[in-house]
Amino acid sequence: MGNDSRSVTIRHPVILALDLGSTLGWAVRLADGTVTSGTATFRPGRFEGGGMGWLRFRRWLDEMAGTAGPLGSIVFEEVRRHAGTTAAHVYGGFLAHLTAWCEGAGVPYQGVPVGTIKRFATGKGNAPKEVVIAAMRARGFAPADDNEADALALLLWAIDVRGGLQ
């Protein structure tokens, strides 16, 4: 009798998790299951118009979709309360550009409340930034800051709790 062994490659839907802001945290699970993360800054330069940051963000989304593979879904941190007016405006701008980009690209998207993400990562819905960073380090990641840690926590939530939003 012959040996009929077969190799099976498991492909996962690509999930991009975003902590929206001028310094944006991101984490992505690639089709092979690999997780990578980082931060990106989209503040307009001193001699640029205010819209340049948004253009760079949209270009970044295009590049991420091209390099990560076709995006299966995007999850983002849904902030319902901001420390100030400027923070609210910045978040609203990112949210508007993200949702318009997703609609145009046909990528499903979902906002997840901050407390839900923190509770998943740490057990406390009001955990401070340092505790979320420590929780992500305990899971083997090395976030550079709270933005990246939040994006990682959100990605892990999407994978574990929602089955990857498939």
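The values are calculated or read from the model by the stated rules, or taken from the named source; none is laboratory data. Since this is a predicted model, take the numbers as computed values, not measurements. Here Cβ is always computed from backbone atoms with ideal geometry, including for glycine, and neighbour counts include all displayed protein chains.
Quick notes
- Tallying residues that are small (G, A, S) and surrounded by fewer than 16 Cβ atoms within 10 Å (Cβ to Cβ) within the range 114-133 yields 3.
- Filtered residues of the range 55-87 (kept if part of a helix (DSSP H, G or I) and either closer than 19 Å to I117 by Cβ or under 14 Å from the mean Cα position of the chain (by Cα) (or both)): F57, W60, L61, M64, A65, A68, A87
- Flag for G164 being closer than 18 Å to L16 by Cβ and modelled with pLDDT under 95: yes
- Scanning the range 65-93 for residues that are among the β-branched types (V, I, T) and exposed (fewer than 13 other Cβ atoms within 10 Å of the Cβ), we see that the one that is nearest to R11 (Cα to Cα) is T67.
- Failed condition for I159, given (1) surrounded by 16 or more Cβ atoms within 10 Å (Cβ to Cβ); (2) without any contact (Cβ under 8 Å) to a residue 60 or more places away in the chain: (2)
- Inter-residue pairs, beta-carbon under 6 Å, first touching a residue at least 24 places away in the same chain (Cβ under 8 Å) and in the range 49-63, second loosely packed, with under 15 Cβ neighbours inside 10 Å, 6+ apart: G53/R43
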